[in-house]
Amino acid sequence: MISYEEFEQIVVKILERDIASNQDQKSAIQAGLNQSLFIVAGPGSGKTTVIVLKILKYLFVDDVEPEEIVATTFTRKAADELTSRILDWGYKIKDYLLNEGMNKGYEFEKIRKIAHIDFNQILTGTVDSVAQDLLRVNRQPGTNLPNVIESFVTESAMTNVGLYRNDRYLNEDLQKYLGELKGRDKIKNPSMMSQMILSIKNKMYYDVVDMDEIRQTSTDPGQIQVLDAIDEYEKELRGRNSIDFPMLEDLFLEKLENEEFEDFLSNVKIVLVDEYQDTNLLQEKIYFKIAEFAIRNGGNITVVGDDDQSLYRFRGATVDLFTNFPRRASESLGIYVNVINLKENYRSTENIINLCNHFAELDEKYQNARVSHKPPIVCPENNKGKNIPIIGLFRNTQEILARDLSNLISELINKGTVRRKVQ
């Protein structure tokens, strides 16, 4: 539709984002349609800018249709922010091109293509919301979509069905088994038992564990009780046409593997995943299955994240899936993945950046869990020397900290200065 050079000029002029000055960002945005990327994005490195401009580059430069793009991130808030930025910047570029087209005499077909770009057709969201959207669109006539229940409902269901039914919570083998997991003698509290069994169930889903195989090989009666509780919980939910979020992702993968989303899979070209360091094995299988069709359709898979910011191991995330992504994608999809490090931090002062680099390198054993040959975070030249004063407040409770911080802000606003108190 337009050249990359023209796209870059518009980004600088209209969005005031000088991507040409950062070669790493430019390489990530400019990469070809069929080039898969592994983008290691350090803190404050402009990863959202890169993701959004990469998507808009696909639309305006590569002529990719909006409905051929799926972009996910880890939280609903981040997904909403991504969508908002795509719409804001996308329409600014679109309006500019339409005005320019009239002035410069663009061909009618080019103007028509620009005018018909609908950014709302880009499939954005969390992996769970994407799953729900595709299940809804591809629902068979006369069938009802399963209701996805929240975590507080799952605990109640497990307690009532998996534990209270048949008085399983009184089973000593179960109490002892759960107690051993906690390093205690026995767990007898039904609420705690419910939480632990749900955690075990979710972990097995996220790690793609075959529960039937465990049942067949297990010699621990307490473990069998856990599997029985999970089985009754799942049967109860399915009997009510309900599932929880791990079950939703498992169902989504099953339908992807059966190629039930024909229209989506036959068209998808771009798979872009943010916060990939928080991905679990089940989600990786989902992304790789979609990517299989995207690559077949001439597109790519691009993942963005930072191994130093992996937070969700309790949800099955393993940083190894991120750090080893190029190899795992190559083995599963038969592709070459280009590695790009976004290392310039535009958010922090030079002293903070130096502190973070030093802290990340303190533990030698920790280095084995990081991306191989990962470069340190860099302070841009125009930010060097801007060492803004930093204050640290340390209090015994959040309430005291909130009170003292509020008083400090009030004095700064009203008086302009704060008298130093010597303890």
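Counting pairs of alpha carbon atoms under 8 Å apart in space and at least six apart in sequence, what relative contact order in percent does the chain give?
With pairs under 8 Å counted, the relative contact order is 21 percent.
Report the FRET efficiency, 1/(1 + (r/R0)^6), for Tyr91 and Arg139, where r is their Cβ-Cβ distance and R0 is 30 Å, rounded to 0.05.
0.45
What order, most packed first, do the peptides 66-72, 168-174 have when packing is the mean number of other Cβ atoms within 10 Å of each residue?
Packing proxy ranking, top to bottom: 66-72, 168-174.
Could you pull out every one of the aspartates and glutamates with an alpha carbon less than 16 Å from that of Lys77, ignoring same-chain neighbours closer than 8 positions?
In chain and number order, the partners are Asp128, Asp274, Glu275, Asp278.
Could you check how many percent of all C-alpha pairs in region 150-243 are farther apart than 24 Å?
Every Cα pair in region 150-243 considered, those over 24 Å come to 14 percent.
Among 406-414, 374-382, 294-302, how do they line up by average Cβ neighbours within 10 Å per residue, starting with the highest?
For the peptides 406-414, 374-382, 294-302, the packing ranking is 294-302, 374-382, 406-414.
Sort largest first and round to whole Å: the equivalent ellipsoid semi-axes of region 10-79, each the square root of five times a Cα gyration tensor eigenvalue.
18, 17, 13
List, in the order given, every pair from Lys285/Lys374; Lys203/Lys285; Lys47/Lys285 whose Cα-Cα distance in the structure shown is over 19 Å.
From Lys285/Lys374; Lys203/Lys285; Lys47/Lys285, over 19 Å: Lys285/Lys374; Lys47/Lys285.
What is the order of Ser330, Ser27, fewest Cβ neighbours within 10 Å to most?
Neighbour counts put them in this order, fewest first: Ser330, Ser27.
Please compute P(r) over all alpha-carbon pairs of the chain, binned at 10 Å starting from zero, and give each bin as a whole-number percent.
Bin by bin from 0 Å, the calculated values are 4, 17, 23, 23, 19, 10, 3, 0, 0.
Can you tell me the Rg and the Dmax, both Å, for the Cα atoms in region 223-341?
Final numbers for Rg and Dmax: 16.5, 49 Å.
Regarding region 341-408, what is the average projected area of its C-alpha convex hull, in nm²?
So the mean shadow area of the Cα hull is 6.9 nm².
How far apart, in nanometres, would the label points at Glu399 and Glu109 be if each is projected 7 angstrom from Cα along the Cα-to-Cβ direction?
7.1
Please report Lys13, Lys188 as a ranked list, fewest other C-beta atoms within 10 angstrom at the top and most at the bottom.
Lys13, Lys188
Each reported figure results from applying straightforward, stated rules to the coordinates on display, with no laboratory input. No experiment lies behind these values; they were computed from the predicted model shown. No Cβ is skipped: glycine too gets one built from the backbone with ideal geometry, and neighbour counts run over all protein chains shown.
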